[in-house]
Structure formats: structure tokens, C-alpha cells
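Visitor: Can you keep this structure in mind? I'll have questions shortly.
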Amino acid sequence: MSTNPQQLLAELPEDRATGRIAEIYEEIRRFSGVPYVSSLQRYVATMPGALEWAWDAIRPALASGTISETGWRLARNVRIPSARPLSSNALNAWGIDAAGLAAVRNVAENFVRVSPVNLMTGASLALLLTGTRPSGSGFSGAWTPPAMLAPMLGNVDPLTQDTSTRALLMRFVTEVDGKPFVPALYRQLAHWPGALAWLADELAPRFGSPETNAARAAFRAAARAAAPDIVARLPPIASEGMPDAATTQRILTTIDRYAETSPEMTMFGQLILDALPARL
């Protein structure tokens, strides 16, 4: 697989969204409790009509908090061995002061919060795309999403980075829909190359370790096991506007890949939080 950053996965950035897509993006942020639309939705938004149909189908389960709360509940059982605590001296060497520490912590907190929501959303949407037709009465009760986390600095564009930082980002590359893909946790941390280098070294032996594989598989299986009950409670969905077979397969392939990376974002985000000092 090529790792040319010019070939990275397509997406519709938040600042370019208009009309209905902009409205959907706003609801995604609100129901997830993060000021950020994940690349899963930004990628689906590049397929005409796909995000609109998917959002209309799955929205009741998100607006009620059912998907988010289920994902967060399952995530509490996901753990891998901790990293060694980071010292203040290490952070200072990376140019991270007290404000930088808060910003790095905020990045990790955003992904610990949003990744379980993405995992549950994907598991539920996959059922709808493979023939499940709900006939439920919806979800009762009001739900208030958690207070929005602070904004992050934004995904670093590998094309704008120096050779060293670009090489670091490519250490995290995976593949979605046949294109190289760098998960956003790492693109956010690239604002602090020293921290990103530490994480790359820390995670290198963990990506395929038995502990990581077991935790990833257990979280993915738990989400898939919880999805049928959520989907059964959805009201009937419209067949009009459903993605065609080719688009459906692209979305399903992407969801399947996110079923690998979302548990990682949850676990590795928590690993970062646990390693950071409380203050400088």
C-alpha cells in the first residue's frame, strides 16, 4: 500500500459543509459531546445522499442518547496495560507547557468520548445497510448530551508538515476504502511532534499485541451484540434514497475498518490520559 499523503482518504471538511450536511454535522457534534465530526461521517458525506439517508435512519437512536450511552458504558470495560507516566521534564523538552498539557489532555479526552459513539453508530448502521428493517416505536424520554468538550487545534495536514513529522504520521497509517488513512488522534497530536514521537514508540509494540487484540475484539463484539436491540427500537426507515449497492459496500467496508480503529482510539486515548501528569 502506498503511503503518499496526497492519496489520503477523501472527506468533506466541516468548514466546507453547507445546507443539510452542515445541519447534520452540527447534530453529530451535539449528540457526541465533542466539537468535532469524525472522519467516518466526513467520508460518507462525499457520497451523494449517503450521509443524509444514514442520518435520517439512525438519528432517533442518537438523539435519545441510546447509542452514545451504550458506547460509553461498553468502553468502561476496555483497558490495555498502561504506559510509564510522563514526567514534567519530558513534556518541557517537547515544548509543552501548562496550556499545552491541557490541550493534549483535551485531544485525548475528545477521542475517548467520540470513538465509542462511532463504534456503536457504525454497528447499528451496518445492520440497516444489510437488510434489517426496523419497525419500532422509537425512543422515549428526554436526553441531555454531556457538556461539549473544548475545541481541538485541528487535524494536521501531512502535506504541510516537514519530512520528520510527515514520517511520524505515516507510522500510524492504515487503509480505508483502498486509501491510506491516518486516524485523527494522531493528526491532532502532530501539533506536538515530540509527543507524537513518544506515542509512536509507545504504541509500536502494542498494535498487534495479544492484550490489544483481545481488548479490541471484545469491544467490537460487545458493540455488535448491543446493536440489534437498538436497531429494533428504531422507527421504520425510508427505502427511498438508500445508497446503491456499490456505495453501500464502500460504507460497510469503512464501518468494518472503523470497528478496528475506534477501539484503538478509545484505548490509546485513555493510555495518553493515564500517562500525563495532572499538572506542570
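Read-outs throughout are calculated quantities, based only on the coordinates presented, and are distinct from any laboratory measurement. None of these values were measured; they are calculated from a predicted model. Using ideal geometry, Cβ is built from the backbone for each residue, glycine included, and neighbour counts are taken over all protein chains shown.
Visitor: When every alpha-carbon pair in the stretch 10-275 is counted, what percent end up more than 25 Å apart?
Guide: Across the stretch 10-275, Cα pairs with separations above 25 Å total 44 percent.
Visitor: Provide the per-residue ³J(HN,Hα) series for the stretch 40-47, in order, calculated from phi with Karplus coefficients 6.51, -1.76, 1.60 and θ = phi - 60°, each as a whole number of Hz, with x at glycine and proline positions.
Guide: Residue by residue, the stretch 40-47 yields 4, 6, 5, 6, 4, 5, 7, 9 Hz.
Visitor: Going by a ≥ b ≥ c, the root eigenvalues of the Cα gyration tensor, does the stretch 64-119 fall in the rounded group (a/c under 1.5), the prolate group (a/b larger than b/c) or the oblate group?
Guide: In terms of gyration-tensor shape, oblate.
Visitor: What are the residues whose amide H is under 5 Å from the amide H of Glu175, where those residues sit 5 or more places off or on another chain and H is modelled from the backbone?
Guide: Phe181
Visitor: Please list, by residue number, everything in the stretch 222-241 whose backbone N is under 19 Å from a paramagnetic label point 7 Å out along Cα→Cβ of Ser135.
Guide: Answer for this model: 228-240.
Visitor: Using the beta-carbon distance between Asp97 and Arg76 and R0 = 30 Å, what value does 1/(1 + (r/R0)^6) give for FRET efficiency, to the nearest 0.05?
Guide: 0.40
Visitor: How long, wide and thick is the stretch 134-177, going by the Cα atoms along their three principal axes, in whole angstroms, largest first?
Guide: Result, largest extent first: 54, 30, 14 Å.
Visitor: A follow-up question, please. Sort 137-145, 258-266 by the packing proxy (mean of other Cβ within 10 Å over each peptide's residues), most packed first.
Guide: Result, highest mean first: 258-266, 137-145.
Visitor: Another question, then. Summing +1 for each Lys or Arg and -1 for each Asp or Glu, what net charge is found among the other residues whose Cβ lies under 12 Å from the Cβ of Gly136?
Guide: Net charge in that neighbourhood comes out at +1.
Visitor: Using Cα atoms only, what is the angle between the long axis of helix 19-32 and the major principal axis of the chain, expressed in degrees (0 to 90) to the nearest 10?
Guide: Value to nearest ten degrees: 70.
Visitor: Ranked from highest to lowest mean number of other Cβ atoms within 10 Å per residue, what is the order of the peptides 219-227, 147-155?
Guide: 219-227, 147-155
Visitor: Sticking with the crude label model, points 7 Å out along Cα→Cβ, report the distance from Ser88 to Thr144 in nm, one decimal please.
Guide: 3.7
Visitor: Something else now. What FRET efficiency would be calculated for the residue pair Asp162, Ala225, taking the C-beta separation as r and a Förster radius of 51 Å, to the nearest 0.05?
Guide: The pair Asp162/Ala225 has a calculated efficiency of 0.70.
Visitor: Compare the peptides 14-22, 98-106 by average per-residue count of other Cβ atoms within 10 angstrom and give them in order, highest first.
Guide: Ranked from most to least packed, the peptides come out as 98-106, 14-22.
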